[in-house]
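*Asks:* This is the structure I want to talk about, given as structure tokens.
FYI, it's all coordinate maths here, none of it is from the lab. Predicted, not measured: the structure shown is a model, and the values here were computed from it. Virtual Cβ from ideal backbone geometry, glycine too; neighbours counted across all protein chains shown.
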Amino acid sequence: MNQDVVIVAVADEILQARRTETNAAWLSKRLVESGIALTEIRVVSDTPGAFADTLRSLRRPGRTVVSTGGMGPTRDDRTRSESAAAFGRKLTRSDEALEQVRARYERLGRPMDESAYVQADIPEGSQVVFNPQGTAPCFLVESDGFRHIALPGVPREVRAVWEHSLGAMLSQAADRPGIGRLFTHGLGESEQETRMADLALADIEFCSLPGFFGVEIQCLARGPGDRQARAEQALELVAQRLGSAVVRPLGSNLVQSLHLALRKRGWKVFFAESCTAGLAASEVAAVPGISDCLAGGVVAYANDIKHSLLGVSLETLRVHGAVSRETALEMARGASALCGGGLGLSITGVAGPDGGTAEKPVGLIWIAHCCPEGESAVELRLLGERDEIRRRAAWRAIGLGWSVTREI
């Protein structure tokens, strides 16, 4: 059966920019990896009738609409009733769904109030889909080959339902491709493309996606033969062209590769951050298991903190200023000392929007490293708004740590 999926987020808070939509992006990646065709993503208002009209407009055999949001117990949660209206069904209270709601409230140690019961109301004839994380059960309603699967809007609940049942449910009619991914750091998209200009990737879908961390490259293979092997072969050809900018092992991201390199060397890493205020340390801390290598960090905005905690000399601060090569190096040395002589990484700069001068403009950043094998400092001239500059600086510092610890 040909199958295509449409994701519909039901949420005024997204349309009003009070929340950022993340469920569709997460689900899209899983659908692609599973070989399921995603044809459209929509965001629909909570206005009465809007979601029912959307379901009617999308209806066709072989299509599945996965909706997120509107499944709670409040008056603006209309997904259940509007799905029922779109399919011409009654809204009925499901004993199976009600038992799941009760069990969840018991686990939370909360009594069920009257409003909680509406979470067990689903379109007549629907299949209840277990929600391992939330109080609202999900449901699947189908007619003439058209399906609607209703999920909550809470991201952790969406992900839990996918892992528990939704992924397997949708994958039954999937055509899984072969997928290979790699990450690069310190090499822009245009230069990467120049290096690969004469590289033929027959029958491979190539995709390049830049980010603060660098660039993610994907090679996707469909059609006959061993798809995964073809994708990985194409990826290795790309990696050979891009050289030392490629994060290895292939498929690992910048922080994962840094973690692996630190483990092999037996080093810990410590961050000394000024303008980034802990962003770099936070990105590294997001990696599971990093506690064996991440010693900690210091947010040293004020000069007296740079001096008292990191050992930056008052003379250096007076002569060269906080935003300087000399200060960045002394911050890195202090960070290295604080983790027992391991890898110290430092960041100091002018993130804006104010504080820049002709000599030290907004976007001037110094990053530095100190480790048992030596030390270095790098001057950056970054563009963008304040938050962009801070995030770019954080990732460049992580990249500096990766570049001095990796095995080439």
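*Asks:* I need to check one value: relative contact order of region 4-171, counting alpha carbon pairs closer than 8 Å and at least 6 residues apart, in percent.
*Replies:* On the way: 305 pairs, mean separation 40.2, N = 168.
24 percent.
*Asks:* Compute the FRET efficiency between Leu250 and Ala17 as 1/(1 + (r/R0)^6), taking r as their Cβ-Cβ distance and R0 = 41 Å, and round to the nearest 0.05. Could you put the intermediate results ahead of the total?
*Replies:* On the way: r = 38 Å, r/R0 = 0.92.
That pair, Leu250 with Ala17, gives E of 0.65.
*Asks:* Taking the chain as the reference, fit the longest principal axis to its C-alpha atoms, fit the long axis of helix 325-338 to the helix C-alpha atoms, and give the angle between the two in degrees, 0 to 90, nearest 10.
*Replies:* Approximately 70 degrees, to the nearest 10.
*Asks:* Working from Cα positions, state the angle (0 to 90°, nearest 10) between the long axis of helix 23-34 and the longest principal axis of the chain.
*Replies:* 90
*Asks:* Place a +1 charge on the Cβ of each Lys and Arg in region 94-165 and a -1 charge on the Cβ of each Asp and Glu, then give the dipole magnitude about the Cα centre in debye, rounded to the nearest 20. Can you show the working numbers first?
*Replies:* Working: 7 positive and 12 negative charges, 88 e Å.
The calculation lands at about 420 debye.
*Asks:* On full extension of the chain, what length is gained from Leu201 through Ala337, given 0.36 nm per residue of separation minus the C-alpha to C-alpha distance? Write down the numbers at each step before the final one.
*Replies:* On the way: separation 136, 0.36 × 136 = 48.96 nm, distance 4.81 nm.
44.2 nm is the gain from fully extending Leu201 to Ala337.
*Asks:* Remind me, relative contact order of the chain in percent, using alpha carbon pairs under 8 angstrom and six or more residues apart?
*Replies:* Numbers: 806 pairs, mean separation 43.9, N = 408.
Result for the chain is 11 percent.
*Asks:* So how far, in whole Å, is the C-alpha centre of region 368-408 from the one of region 1-72?
*Replies:* Cα centroid to Cα centroid, the span is 39 Å.
*Asks:* With angles folded into 0 to 90 degrees, how steeply does helix 95-108 sit against the dominant principal axis of the chain? Use alpha carbons for both and round to 10.
*Replies:* 30
*Asks:* Less than 14 Å Cβ to Cβ from Asp77, Lys/Arg counted +1 and Asp/Glu -1: what total charge do the surrounding residues give? Don't skip to the answer; put the middle values down first.
*Replies:* Values: positive: Arg75, Arg78, Arg80; negative: Asp12, Glu13, Asp46, Asp76, Glu82, Asp121, Glu157.
Result for the local shell: -4.
*Asks:* Continuing with the same structure: Please arrange Val312, Val350, Val299 by counting, for each residue, the other beta carbons lying within 10 Å of its beta carbon, fewest first.
*Replies:* Going from sparsest to densest Cβ surroundings: Val299, Val350, Val312.
*Asks:* Choose one of Gly363, Thr405, Ser313: the residue whose Cα lies farthest towards the positive end of the charge dipole of region 254-405 (beta-carbon charges +1 Lys, Arg; -1 Asp, Glu; about the Cα centre).
*Replies:* Thr405
*Asks:* Excluding the sites themselves, what is the longest stretch of the chain that contains no GluC sites (Glu not before Pro) in a DSSP loop with at most 12 other C-beta atoms within 10 Å? Write down the numbers at each step before the final one.
*Replies:* Numbers: sites that count: Glu359, Glu373, Glu385, Glu407.
Of all site-free stretches, the longest is 1-358.
*Asks:* If you don't mind, there's one more thing I want to ask. Helix-derived [θ] at 222 nm for the chain: sum -39500 (n - 2.57) over DSSP H runs of at least 4, divide by residue count, nearest 500? Could the numbers behind the result be given before it?
*Replies:* Numbers: 15 runs with 151 residues, N = 408.
After summing the helix terms and dividing by the residues of the chain, the value is -11000 deg cm²/dmol.
*Asks:* Let me spell out the model: positive unit charges on the Cβ of Lys and Arg, negative unit charges on the Cβ of Asp and Glu, origin at the Cα centre of the chain. What dipole size does that give, in debye rounded to 20? Before the final figure, lay out each step's value.
*Replies:* Values: 46 positive and 50 negative charges, 76 e Å.
In total the dipole reaches around 360 debye.
*Asks:* May I ask which residue of Phe270, Ser171, Leu27 lies farthest towards the positive end of the charge dipole of the chain, with charges of +1 (Lys, Arg) and -1 (Asp, Glu) on Cβ and the Cα centre as origin?
*Replies:* Phe270
*Asks:* Dipole of the chain (Lys/Arg Cβ +1, Asp/Glu Cβ -1, origin at the Cα centre): which of Gln119, Gly69, Ser45 lies farthest to the positive side?
*Replies:* Going by the charge dipole, the pick is Gln119.
*Asks:* What FRET efficiency comes out for the pair Glu114/Glu163, r = Cβ-Cβ distance, R0 = 35 Å, nearest 0.05?
*Replies:* Numbers: r = 32 Å, r/R0 = 0.91.
Computed FRET efficiency for Glu114 and Glu163 comes out at 0.65.
*Asks:* Under a Cβ-Cβ cut-off of 14 Å, what is the net charge of the residues other than Gly341 that fall near it, where Lys and Arg count +1 and Asp and Glu count -1? Mind dumping the intermediate values first?
*Replies:* Numbers: positive: Arg265, Lys268, Arg333; negative: Glu373, Glu375.
So the surrounding residues net to +1.
*Asks:* Let me ask something additional. Counting other beta carbons within 10 Å of each Cβ, put His185, His320 in order, fewest first.
*Replies:* Ordered by Cβ neighbours within 10 Å, fewest first: His320, His185.
*Asks:* If you don't mind, there's one more thing I want to ask. Relative to the compact globular guide of 2.2 N^0.38 Å, what is the alpha carbon radius of gyration of region 178-245, as a ratio? Kindly include the intermediate steps, with their values, before the conclusion.
*Replies:* Numbers: Rg = 11.6 Å, N = 68, 2.2 N^0.38 = 10.9 Å.
Rg over 2.2 N^0.38 Å, computed on Cα atoms: 1.07.
*Asks:* Run the numbers on region 283-401 and let me know its relative contact order in percent, using alpha-carbon pairs under 8 Å that are six or more apart. Working shown, then result.
*Replies:* On the way: 199 pairs, mean separation 23.0, N = 119.
In percent, rounded to a whole number, it is 19.
*Asks:* Also, I was wondering about something else. Does region 104-144 come out rounded, prolate or oblate by the C-alpha gyration tensor, with a ≥ b ≥ c the root eigenvalues, rounded set by a/c under 1.5 and, if not, prolate when a/b is larger than b/c and oblate if not? Walk me through the numbers before you get to the answer.
*Replies:* Working: a/c = 4.78, a/b = 1.97, b/c = 2.43.
Oblate shape, in that a/c is at least 1.5 and b/c is the bigger or equal ratio.
*Asks:* Let me ask you something else. By how many nm would the segment from Ser190 to Thr92 lengthen if fully extended, with 0.36 nm per residue of separation less the alpha-carbon distance? Don't skip to the answer; put the middle values down first.
*Replies:* Details: separation 98, 0.36 × 98 = 35.28 nm, distance 5.70 nm.
Result for the pair: 29.6 nm of gain on full extension.
*Asks:* For Ala37 and Arg381, compute 0.36 nm times the residue count separating them, minus their Cα-Cα distance, and round to one decimal in nm.
*Replies:* Values: separation 344, 0.36 × 344 = 123.84 nm, distance 4.16 nm.
The Ala37-Arg381 span can extend by a further 119.7 nm.
*Asks:* Mind sorting Trp26, Trp162 by how few other Cβ atoms lie within 10 Å of their own Cβ, fewest first? List each step's numbers first, then the result.
*Replies:* Working: Trp26 14, Trp162 21.
Going from least to most buried by this count: Trp26, Trp162.
*Asks:* In units of 2.2 N^0.38 Å, what is the alpha-carbon radius of gyration of region 254-405? Please list the in-between numbers first.
*Replies:* On the way: Rg = 14.2 Å, N = 152, 2.2 N^0.38 = 14.8 Å.
Ratio of Rg to 2.2 N^0.38 Å for region 254-405: 0.96.
*Asks:* Oh, and also: Calculate the tail of P(r) for the chain: the fraction of all Cα-Cα distances greater than 28 Å, expressed in %. Walk me through the numbers on the way to the answer.
*Replies:* On the way: 49781 of 83028 pairs.
Tail of the P(r) past 28 Å holds 60 percent of the pairs.
*Asks:* If you filter region 76-142 for trypsin sites (Lys or Arg not before Pro), then keep DSSP loop positions with at most 16 other Cβ within 10 Å, what is left?
*Replies:* Values: sites: Arg78, Arg80, Arg89, Lys90, Arg93, Arg102, Arg104, Arg107; in loops: Arg78, Arg89, Lys90.
Sites meeting the loop and neighbour criteria: Arg89, Lys90.
*Asks:* Now, a different point. Of the DSSP beta bridges with both residues in region 4-171, give the percent that are antiparallel, rounding to the nearest 5.
*Replies:* Details: 11 of 29 bridges.
Around 40 percent of the beta bridges assigned by DSSP in region 4-171 are antiparallel ones.
*Asks:* Among the chymotrypsin sites (Phe, Trp or Tyr not before Pro) in region 252-305, which ones are in a DSSP loop with at most 14 other Cβ atoms within 10 Å of the Cβ? Mind listing them? Display every interim value, and only then the final one.
*Replies:* Numbers: sites: Trp267, Phe270, Phe271, Tyr301; in loops: Trp267, Tyr301.
Sparse-neighbourhood loop chymotrypsin sites (Phe, Trp or Tyr not before Pro): Tyr301.
*Asks:* Taking the Cα centre of region 281-402 as origin, work out the dipole magnitude from +1 charges on Lys and Arg Cβ and -1 charges on Asp and Glu Cβ, in debye rounded to 20.
*Replies:* With Lys and Arg at +1 and Asp and Glu at -1, about 140 debye.
*Asks:* Using the Kirkwood radius built from alpha carbon pairs, what does the Stokes-Einstein equation give as D for region 4-171 at 25 °C and 0.890 mPa s, in µm² per second?
*Replies:* Diffusion coefficient, whole number: 155 µm²/s.
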